[in-house]
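For reference, the structure is listed below as structure tokens.
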Amino acid sequence: MKRLSKLVREQSKNPNAIAYAAMAVAGLTFPGIAQFATGGNADYLVSLAADAGVFVLLAIGLNVVVGFAGLLDLGYAAFFAIGSYTYGMLASQQLISSPLHTALHVPFWIALVLGMFIAAGAGALLGAPTLRLRGDYLAIVTLGFGEIVPRFFRNMREWTSGVNGISALDVPTLPFWITGPWANTELAIEQNFRFVTFNATAWYVLIVILIVASVIGVNNLHGSRLGRAWMAVREDETAAAAMGVNTVNTKLLAFAIGASFSGFAGAFYGAKLSLVSPESFGFVVSITILSMVVLGGMGNIPGAMVGALLLYAVLYKFLPDAPLQAASLAHSLGLDWLNTVVPDGWPGLGEFVSRLKFIIFGLILVTIMLVRPQGLLPSRLRAQELKRGVHDEPVTTVP
Amino acid sequence: MLRSFGNTSFASLIGLLIAAAAIALTAQRVLQHDASFFFQILTIGVADGAIYALIALGYTMVYGIIELINFAHGDVFTLGAFISLALFPVFGLAEGGSGFGYVLPLLAIGLITMALCAVVNVTIERVAYRPLRHAPRLAPLITAIGMSSILEGAMYLWKGPFNLHYPDLLPATRLDISGVSIGVKDLIVLTLAIVLVVAFTLFINLSKLGKAMRATAQDRDAALLMGIDINRTIAATFFIGAVLAGAGGITYGLYINNVAFDLGFITGLIAFTAAVFGGIGNIPGAAIGGLLIGMVRAFSDSYFDSSWTEVVIFGILIATLVFRPTGLLGMRVPEK
């Protein structure tokens, strides 16, 4: 008990420890509180939280590439797509209509690992010839790759059903599952449990477990020899090489490990949605994940997680809800004329607010970079760099 | 980076082999169809490519001088199309009649549009890029994406998510030159682009401001010591880039007759590919890259499958950087 209180006192000034603790408490209690607060109708909220968890995983993965190793990846959604499509093809009736004529039904747990390895392999394959390039050339290559992969899946109609995507994916199964008041049911043990779509709590628990495992894994990597090599390469590649770090292999591993996270995030995402379509992996997704990492604080794991949760809440909860709320607010204030649609003119307040979404997203990005480029929960090292700059200062500045 | 894989002759050789295979495959397809079809596709490709060249110049100039992929550039191009579209009724231009009476109003619209685009682009530089000039690369890149989103959002707010019809004012007549039919429209677009590209290349090569730009691109600190006003020079680069993008927007509208608020995203990416293909930072390279990418697009659309066109173009982007990072005409940019 004494040691515990000492630990609490020591850590109470450490923003990372506070963030971890807050996220752990919130993560454990969220389904229960949400069910209680909405009177048992929180399935939608819990499901949304599970989707947010996918982006937390993606942010953790991209943070390895961008935050730890300093490699700019503008096409991260490509690996997400590869993970999703791997699961979609390996665990549905899809391959019956393909030239293979046999449906594969690989169990989710195996497909999760397969998706991870295939995404990591794709990362290594892309990285091998390109990681020798200058920093921002790499960004361009990943940008191109991110544009190619979804189009590739869209065009391979025989294998992926093209624009319609792959639907009716297998659901994960477990021998037993414990359910209880947190899921708005009696406490019970279910045998031969299936993760059906409407059981939001089960998906939520699964993603939380995946996130916890990833955080532990990445934290260990961060302190390992490899993690320190990433930091060294990020700070000064030439110096790192002189110290005996194999820079190419180090960067390649960062790329592949980062990609592996989006690989299994993709498998989870496909299984939960039961649909994989080429439209869900565009440039916007890559940028959103990158913004999450930058908003939270590059190079800091809890930072990336907080950034992912915040930005997800804004983009997928507040912005979609805002039009209706604005319209009903105008109605309750007696300003109904704001809601009337004028043909070829005023589109109505709700539609107007929904059209603001691009501007709001852009303003968020620009404001963060100008006001707090180190992010909300920065890693101390990166904060220094961003504050003082990495380039040589000019001898003098012209007033 | 001590030795780049792309600089070895072996990699260049592989790149050459891939290019040769692609050309051979295309030639085989071309020979299966008749010659007049080929020339028709070629003119479309060249006219399209001329528009890409106009946009690519802005990318390459900005990249050359501050090493930033200005994602907002493609949207400045769309903004040019939108502004000019709004100006047509003001100047009393409408679809149907076209003739020499339309030349002067079109010119006026063009000048106003280019000026407005330039003001927008210079403002973006002032607000979003200049404060971050000494920050790591990622910072201005993110604000560039943010600015792109803001511009798209502004146009979305203005006109909504619809495809807008752009008046068809260019003559539809086709010239018949010894059996080959060439549209006057294509010729006008091509001439316009060539005039602008040549004018700005001369400007950058001959004027004092152009010299300042080249000096700043080579070594900012040394340029500063030589008494060059860096901020003004960079602002001028954004100004010129936006003038060309605005002109590109009008040309695109007049040629394709269809614009939408998010047009700049994919067009910008393709134009950026053109800039990389020609050799990023290299002005004639961007023009040639634009023409080639336009032709690749036209040929891939009509001789192959149009759904693979963008895959091919972004494949070229990756292949260029892997096999020949300096592009076709190449400029060696040192790692800073």
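Remarks
- Cβ crowding within 10 Å averaged over residues, with A:16-22, A:100-106 ranked highest first: A:16-22, A:100-106
- Spin-label model distance (nm) - residue B:207 vs residue A:10, 7 Å beyond Cα toward Cβ: 6.5
- Grouping the Cα pair distances of the protein assembly as shown into 20 Å bins from zero gives a pair-distance distribution of 16, 48, 31, 5, 0 percent in increasing distance order.
- Anisotropy class of segment A:158-280 from Cα gyration tensor, a/c 1.5 cut: oblate
- Comparing mean-square fluctuations of A:207, A:33, A:257 from a GNM of chain A with C-alpha springs under 10 Å, the top value falls on A:33.
- Amide H contacts of residue B:258 (H built 1.01 Å from N, under 5 Å, at least 5 apart or other chain): B:166
- Over all orientations, segment A:15-388 has a Cα convex hull whose mean projected area works out to 22.0 square nanometres.
- Shielding by partners, peptide A:143-153 (average Cβ within 10 angstrom, other chains): 5
- Student exercise, the protein assembly as shown dipole from Lys, Arg, Asp, Glu Cβ charges, in Debye to nearest 20: 2140
- The calculated 222 nm mean residue ellipticity attributable to helices in chain B amounts to -24000 deg cm²/dmol, summing -39500 (n - 2.57) over DSSP H runs of n ≥ 4 and dividing by all residues.
- Peptide B:33-45 has a mean of 0 when you count, residue by residue, the C-beta atoms of other protein chains within 10 Å of its C-beta.
- Pairs of Lys in the protein assembly as shown closer than 26 Å at Cα, counting only those 8 or more apart or on different chains: 10
- In order along segment A:305-316, the Karplus-derived 3J(HN,Hα) couplings, from 6.51 cos²θ - 1.76 cosθ + 1.60 at θ = phi - 60°, round to 5, 4, x, 4, 5, 5, 5, 4, 4, 5, 6, 10 Hz, and Gly and Pro are given as x.
- The residues neighbouring residue B:151, those whose beta-carbon lies less than 11 Å from its own, together hold a net charge of -3 under the Lys/Arg +1, Asp/Glu -1 convention.
- Across chain B, the longest run free of exposed loop sites, meaning GluC sites (Glu not before Pro) lying outside DSSP classes H, G, I, E and B with no more than 15 other Cβ atoms within 10 Å, spans B:96-334.
- Taking every DSSP helix (H) stretch of at least 4 residues in chain A, weighting each as -39,500 (n - 2.57) and dividing the sum by the residue count yields a mean residue ellipticity at 222 nm of -21000 deg cm²/dmol.
- Peptides B:273-282, A:286-295 ranked from most to least packed by the mean count of surrounding Cβ atoms within 10 Å: B:273-282, A:286-295.
- Within the shell defined by Cβ-Cβ distances under 15 Å, the residues around residue B:171 carry a net charge of -2, with Lys and Arg each +1 and Asp and Glu each -1.
- Other protein chain Cβ atoms within 10 Å, averaged over every residue that makes up B:301-312: 2
- With a cut-off of 15 Å between beta carbons, the residues surrounding residue A:152 carry a summed charge of -2, where Lys and Arg count +1 and Asp and Glu -1.
- Among A:75, A:123, A:362, the largest mean-square fluctuation in a Gaussian network model of chain A (Cα springs under 10 Å) belongs to A:362.
- Using R0 = 41 Å, the C-beta based FRET efficiency linking residue B:305 and residue A:25 works out to 0.15.
- The HN-Hα couplings worked out from phi for segment B:24-39 by the Karplus form 6.51 cos²θ - 1.76 cosθ + 1.60 (θ = phi - 60°) are 4, 4, 5, 4, 5, 5, 4, 5, 6, 9, 7, 5, 5, 4, 4, 5 Hz, whole numbers, x standing for Gly and Pro.
- Among B:78, B:173, B:251: highest mean-square fluctuation, GNM of chain B, C-alpha pairs under 10 Å: B:173
- Residues whose amide H lies under 5 Å from that of residue B:329, counting only those 5 or more places away or on a different chain, are B:279; hydrogens are built 1.01 Å from N in the peptide plane.
- Scanning residues 5 or more positions from residue A:377 or on other chains, those with amide H under 5 Å from its amide H are A:297, with H placed 1.01 Å from N in the peptide plane.
Where a number appears in this text, it was derived from the coordinates with a stated rule and is not lab data. Since this is a predicted model, take the numbers as computed values, not measurements. Quick reminder, even Gly has a Cβ in these numbers, built from the backbone with ideal geometry, and neighbours come from all protein chains shown.
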